[in-house]
1. Structure shown: which of Lys164/Lys483; Lys65/Lys164; Lys133/Lys199 lie over 28 Å apart, alpha-carbon to alpha-carbon?
2. Kindly provide the pair-distance distribution of segment 23-100 built from C-alpha pairs, with 5 Å bins from 0 and whole-percent values in order of increasing distance.
3. Using the heavy atoms of the protein chains alone and a 1.4 angstrom probe, what is the accessible area of segment 162-299 per residue in square angstrom?
4. Send over a whole-number figure in Å² for the accessible area per residue of segment 49-146, probe 1.4 Å.
5. Which ³J(HN,Hα) values, rounded to whole Hz and listed in residue order, are derived for segment 120-127 from phi using the Karplus coefficients 6.51, -1.76 and 1.60 in 6.51 cos²θ - 1.76 cosθ + 1.60 with θ = phi - 60°, glycine and proline given as x?
6. Give me the percent of accessible area attributable to carbon and sulfur for segment 200-329, probe 1.4 angstrom.
7. Karplus couplings for segment 432-438 from phi (6.51 cos²θ - 1.76 cosθ + 1.60, θ = phi - 60°), rounded to Hz, Gly and Pro as x?
8. Using all C-alpha to C-alpha distances in segment 215-357, build P(r) with 5 Å bins and read off the rounded percent in each one.
Amino acid sequence: MTNEFKRSCSGEMDLNNSEVLHGGILPVVIIGNGPSGICLSYLLSGHTPYLSSEGTHPNTVLQAKLKHEPHLSLLEQDLEYLCEGLEGRSSNQMAVLFDSLLMPGCDFGLNCASPLLWRYEPERATPHLVLGKGPPGGAWHTMEGSMLTLSLANWMELPGLKLKDWIRDKRRNVRNDRATPAEIASYYQNYVIQMGLQKNFVNGSTVTSLRRINLGDDCRSVWEVQGLQRSLEEGGTEMERPFSVCTENVVLATGTHDIPARLGVEGENLPFVCHSFCELEAAIADGRLDQTSDPVLVVGAGLTAADAVLAIHHYNIPVYHAFRRSVSDPELIFNQLPKVLYPEYHKVHQMMTQQHWFGSTGITPVTLSENTALSYTDSYPGYVSFPKHRVVAFKPDHKCVLGNEEGRQTVLRISVALVLIGSLPNMSFLSENGQPLGLHPQEPISCRHNPICVDPYTYESVRAPGLYAMGPLVGENFVRFLKGGALAIASDLARRQSSRDQGCVGRDKSLQPKFMLES
């Protein structure tokens, strides 16, 4: 075994010493090492799902389809046919299919065993690399402290390693099915090790350019991935070295946690306006915010905004909560989560519903002591919500102007504003920041408003052949659903490889990725 392969197995692959950079062309490079990239790496490494001979699915129609050709792996079956008629909490049919197979009846409170049997078939493996800025787990490593707790409910686990079992192994006393973001990040990092995927992961790598290049006389076109890889030199000095990798296919799995979304209103750059939960935590830790402070304004109605409300309320700091939607809007995330699994978020939804500002005429300064401003009894001291309101402007004297749908304005005196309305992916390594790939090519790529436009059953970009996208980039924020993208991509790549093997027996072996063939 070569020294390079030993390094790759330990997760310390040096791309600059890799054969990838010396004539080899990889079949696949995955940009992003969060749960999306990890799950796809698992499938591309030869871990293959089949219908178990004893397995049954509560959906009798799907069960009958699966038993039609039980000898075929799921990767070889007609996935579009299997998707027909399925319904679930995702708008992506592949996400609904794989979620239904991994956790049958989950949305109905059923605890059915998965009908899938996983076999490790290394002959099916597709050589690939997974590039990530930090350790495997992606943005989960930056969420420590940004959320209180999350429900496990098997929703965040990946195939082959039960999250609940892993948590029990790590903690002696488990009273409930809760976990911290730090534990989830650790689970993903350990998953890569336990599943033997380290040889595919290049951590500490930042992609700076992705483009199509021609390979000379044969008119063949491949993707060129360029970037910087951090490494520790002798003496502990950290260095960044450039790298360049050529690949037939690229998978974008970067998530969307890179750039906080902004309101675009007057005064948003004032020093008391924050766009990350870490800034709030720092203000609480160093004593700049306490029970005597003016209220903190939280803007947004997603889970991160709810976490902020919970944390601020926990420290008895008064809080205003402004959001554009109605509390009964079915698109509001709280109306989509089971109350039993997410009691904390249900509590926030109750606060939003029961204790809100019902408005007044004109421009009115507001304080929490004005109990007449509440539409309900003061069940949650120090909290007032402002549904169907938007921020009009922030003023230098620590005031915020809110406006409702009727055009009425309310002025709030605040200590800090925390704008948590989502985030955008960093697509700077793509031409025009990747905008031409979106559903709306003239707008920035956004999970919620402008995801990358892909084929619904292969997740290949409809505008860039050989480029795939998955996870939040195609609108999937929940780990339980992003796994469907991994199935779609792995299936399409396997189909293409099979067609190539059958039609190109005399393929030029010099184009094979050499580093994966070393022993």
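The values are calculated or read from the model by the stated rules, or taken from the named source; none is laboratory data. All figures in this text were calculated on a predicted structure; none of them were measured in a lab. Accessible surface areas use protein heavy atoms only, side chains included; no ligands, DNA or RNA. Shrake-Rupley method; radii C 1.70, N 1.55, O 1.52, S 1.80 Å.
1. Numbers: Lys164/Lys483 18 Å; Lys65/Lys164 31 Å; Lys133/Lys199 16 Å.
In this structure, Lys65/Lys164 exceed 28 Å between Cα atoms.
2. Whole-percent P(r) values from 0 Å outward: 3, 12, 20, 21, 19, 13, 7, 3, 1, 1, 0.
3. On the way: 7210 Å² over 138 residues.
Result: 52 Å² per residue.
4. Working: 4960 Å² over 98 residues.
That works out to 51 Å² per residue.
5. Going residue by residue, I get 8, 10, x, 5, 8, 4, 10, x Hz, with x marking Gly and Pro.
6. Details: 2910 of 6080 Å².
That fraction is 48 percent.
7. With coefficients 6.51, -1.76 and 1.60, one gets 6, 6, x, 4, x, 7, x Hz.
8. Using 5 Å bins, I get a P(r) of 2, 7, 12, 14, 13, 11, 8, 8, 9, 8, 5, 3, 1, 1, 0 for segment 215-357.
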